[in-house]
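Just below is one structure, and these are the notes that go with it.
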Amino acid sequence: MRMKMNLSLALLSVLFQISIATASRTFRTTLDMLHAKLVPSFLFWPQREELRLSMPMIFRQTYPRCVCIIDCFEIFIEKPKDLEARAQTYSTYKHHHTMKYLIGISPQGTVIFISKGWGGRTSDKRVTENSGFLECISAGDVILADRGFNVAESISLCNAELNIPAFTKGRKQLSPVELESIRGLASVRIHVERVIGETRNRYTILQSTIGIQMCEAEHPKGLTVLDKIVHVCCALTNVAPSIIPSG
Ligand SMILES: *[C@@H]1O[C@H](CO)[C@@H](O)[C@H](O)[C@H]1NC(C)=O
C-alpha cells in the first residue's frame, strides 16, 4: 500500500490503528525482507546462452548481440538541508532535486541491472562507470544507449561495443544505412522507456517527491530506503508478464 498506492505512513497508521513509528518500522523491516528475497531471485544479469535463445525477433534482425539497453531515470526528492547534498542532487535536466538510477533492460524486456541512487547532478557517464555495470559486460556484447551516454570508450575496454544513434545534428542528409540504424535503435529503445514507465505507474510512490530521510544510507556505502524501494519495484515488474512480444 505504501509503494503501490503511495499511502502515507500517517494514513497507514490510522488504517491499521498503529502509531506512525510502528508503521514506519513495519514498512522498513518488510522492505528489507522483500529486498533480500526478491532482488536476488528476480533481478539478475542472465547467462549469454539464455539471452540468445529467447531473443525477440526485432533484435535478431537488428542487434543480435545486444545484451542490454541502458538508460538513466530520475526520481524527485525534497530539497536537502545540507548545502553540498543540495548541489549534488540538483538535476539541471529536470530542474529539481533528484536521485538518478542507471537501469539496464534485456532485449526480452526484463530489468537486469539497477544501480544505487546517485545525486541528480551526476553525469550518466559517471554513473555508468562507477555503478558496477561495466563488470557485468563480456567480450562481444553490444550495449544500446541514447545520445549523451558517452561511455563508448569504457565499454570498448571491456571488448564490447556501445551502439548509439548516429549524430544527426548539422548534417544535411543521412545515408540509407544510417537512417535504418536510427530507426532500428529508436524502436528497441522504446522498450526501456516502457519498462520505466510501467514501473512508475505500478508503484506510484516512484512518481512522488521522496522525503530526504529516505535518501540517506545508514552506512556510507549502504543502500538507502529509496534504493531498496526502487530495486524491489523493478524486481516485481520483472515478475509481471513481459511487455515485449517474442514473435
Ligand atoms: C504521494 O503522497 C504524497 C503525500 O503523502 C503526496 O504529496 C504526493 O503528491 C503523492 N504522489 C502521487 C503520485 O500520488
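What to note about this one:
- Test: residue in segment 121-133 that is closer than 25 Å to A217 by Cα and among the hydrophobic types (A, V, I, L, M, F, W, C): yes
- Meeting the requirement of 3 or more residues that are over 22 Å from N163 (Cα atoms), within 16 Å of the ligand (Cβ to nearest atom) and not charged (D, E, K, R), the helices (runs of 4 or more DSSP H) wholly within segment 1-116 are 9-15, 20-42.
- Where a residue in segment 197-209 is more than 16 Å from V225 (Cα to Cα) and its partner, wherever it lies, is more than 9 Å from the ligand (Cβ to nearest atom) and modelled with pLDDT under 95, with Cβ under 6 Å and at least six apart: T199/T237
- Within segment 60-88, the set of residues being surrounded by fewer than 17 Cβ atoms within 10 Å (Cβ to Cβ) and of a type in the set (D, E) comprises E78, D82, E84.
- Given (1) farther than 17 Å from L144 by Cα; (2) open to solvent by 60 Å² or more (accessible area, probe 1.4 Å); (3) touching a residue at least 12 places away in the same chain (Cβ under 8 Å), number of the condition S91 does not satisfy: (2)
- Among residues of segment 198-227 being open to solvent by 70 Å² or more (accessible area, probe 1.4 Å) and within 16 Å of the ligand (Cβ to nearest atom), the one that is nearest to A36 (Cα to Cα) is Q213.
- The single condition from (1) surrounded by 15 or more Cβ atoms within 10 Å (Cβ to Cβ); (2) touching a residue at least 24 places away in the same chain (Cβ under 8 Å); (3) not β-branched (V, I, T) that R28 fails is (1).
The values are calculated or read from the model by the stated rules, or taken from the named source; none is laboratory data. Not measured: the values here are computed from a predicted model. Cβ: placed from backbone, ideal geometry, glycine included. Neighbour counts: every protein chain shown. Ligands, DNA and RNA are stripped out before the accessible areas are found, and what is left, the full protein with its side chains, is counted by its heavy atoms. Shrake-Rupley method; radii C 1.70, N 1.55, O 1.52, S 1.80 Å.
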